[in-house]
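A.B. asks: One structure is given below, represented as structure tokens, and several questions about it will come after.
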Amino acid sequence: MAAPVAGTMGRGYTADSPSAKLRPMHFEPDLLEKLRAARHIAVFTGAGVSAESGIPTFRDAQTGLWAQFRAEDLATPEAFRRDPVTVWNWYAWRRKLIREVNPNPAHLAIAQMEHLVEHVTVITQNVDGLHRRAGSSDVIELHGNILDNICSDCRQPIKDVDEDAAAPPVCPRCNGLVRPGVVWFGEALPEAAWARAAEVLECVDLFFCVGTSSLVEPAASLPRHARSFGRTVIQINPAPTSHDEIAQYVLRGKAGEVLPALVHAAWPTAV
């Protein structure tokens, strides 16, 4: 397991961290026993986790200069071909927003579990990189990472991009337009990431489903696959979703409140 990362929870919560004031919660004793006995845990996260850091979800209305646009109309290959400048500048705005926020207590609690469980794998639909910033070392980014860039033609990664440019740069290999390294609506998930996620389902003991609406396929099918493999599925979300039907444990609440409390309840001397 990796050593604690400076600035994360490390071996415990800092005194001024929101997670230092844990709201008392009751958890089933058998769930806590399963947590302590687990050797490999998978944590599947969606937009709700990032929203607790202040990152708008795609279902939220755009703000400021982007209020006239729908996110679904900008995050597509067709939109980029039609108006690459607008799409590029929208992503520049989103990147700036993401760089200004920090991992929240949910990210930190997940990272903390790495020091309490033999292996923790994060499988995320989020593109903001906050899990890695929080200290998680094994992260599968199903939808890519917004801070990466690729060529829209040859698909090769592009380094040292001027993200403040008013228009997309061109690829030094093929002169194609550079675009963010994320999966857009209508595109397939990266084969390597999807294959790795499928492999994880075959060997984990517990599968957490946290802050996801269960609407975006094929990623939304992962909890169902985990249950079909006989894994224990734990759903954490403020509102009901279709994943409630297949989860053995449903913990209602914000990820940033439930996860730190759950970690504390399972390992009270570790935090």
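A.B. asks: Could you give me the percent of Cα pairs per 5 Å distance bin for the chain, shortest bin first, beginning at zero and ending with the bin that holds the maximum distance?
C.D. replies: Bin by bin from 0 Å, the calculated values are 1, 6, 12, 17, 18, 16, 12, 9, 6, 3, 1, 0.
A.B. asks: Please get the size of the charge dipole for the chain, origin at its Cα centre, with Cβ charges of +1 on Lys and Arg and -1 on Asp and Glu, quoted in debye to the nearest 20.
C.D. replies: On the way: 26 positive and 31 negative charges, 57 e Å.
Magnitude of the dipole: close to 280 debye.
A.B. asks: Here's another thing I want to ask about it. Quick one: accessible surface of Lys34, probe radius 1.4 Å, all protein chains present, in square angstrom to the nearest 10.
C.D. replies: Its heavy atoms expose roughly 80 Å² to the probe.
A.B. asks: Quick one: plug the Kirkwood hydrodynamic radius of the stretch 185-271 (C-alpha pairs) into Stokes-Einstein at 37 °C, 0.692 mPa s, and report D in µm²/s.
C.D. replies: Values: Rh = 14.1 Å.
Translational D for this selection: 234 µm²/s.
A.B. asks: A further question follows. With +1 on the Cβ of every Lys and Arg and -1 on the Cβ of every Asp and Glu, and nothing else charged, how large is the dipole of the stretch 24-167 about its Cα centre, in debye rounded to the nearest 20?
C.D. replies: Values: 15 positive and 21 negative charges, 10 e Å.
Computed charge dipole of the stretch 24-167: roughly 40 debye.
A.B. asks: What is the percent carbon and sulfur in the accessible area of the chain, measuring with a 1.4 Å probe over the protein chains and ignoring ligands?
C.D. replies: Numbers: 6770 of 12820 Å².
Ligands and nucleic acids excluded, carbon and sulfur reach 53 percent.
A.B. asks: For Cα pairs less than 8 Å apart in space and 6+ apart in sequence, what is the mean separation divided by the residue count of the stretch 108-207, i.e. the relative contact order in percent? Display every interim value, and only then the final one.
C.D. replies: Working: 134 pairs, mean separation 23.2, N = 100.
The normalised contact order for the stretch 108-207 reaches 23 percent.
A.B. asks: Please report the orientation-averaged projected area of the stretch 167-213, defined via the convex hull of its C-alpha atoms, in nm².
C.D. replies: 5.8
A.B. asks: Calculate, for the stretch 129-234, the solvent-accessible area per residue in square angstrom, rolling a 1.4 angstrom probe over the heavy atoms of the protein chains.
C.D. replies: Details: 4900 Å² over 106 residues.
Computed with neighbouring chains in place, this is 46 Å² per residue.
A.B. asks: Right, another one. Place +1 on the Cβ of every Lys and Arg and -1 on the Cβ of every Asp and Glu in the stretch 78-157, take the dipole about the Cα centre, and give the residue among His119, Leu97, Leu147 whose Cα lies farthest towards its positive end.
C.D. replies: It is Leu97.
A.B. asks: Based on DSSP, what percent of beta bridges with both residues in the stretch 151-251 are antiparallel, to the nearest 5? Working shown, then result.
C.D. replies: Numbers: 2 of 10 bridges.
Just about 20 percent of them are antiparallel.
The values are calculated or read from the model by the stated rules, or taken from the named source; none is laboratory data. Worth saying up front: this structure is predicted, and the values here are computed from it rather than measured. Cβ coordinates were reconstructed from backbone atoms using ideal geometry, including for glycine residues, and neighbour counts include every protein chain displayed. These accessible areas exclude ligands, DNA and RNA; they are computed on the full protein's heavy atoms, side chains included. Shrake-Rupley method; radii C 1.70, N 1.55, O 1.52, S 1.80 Å.
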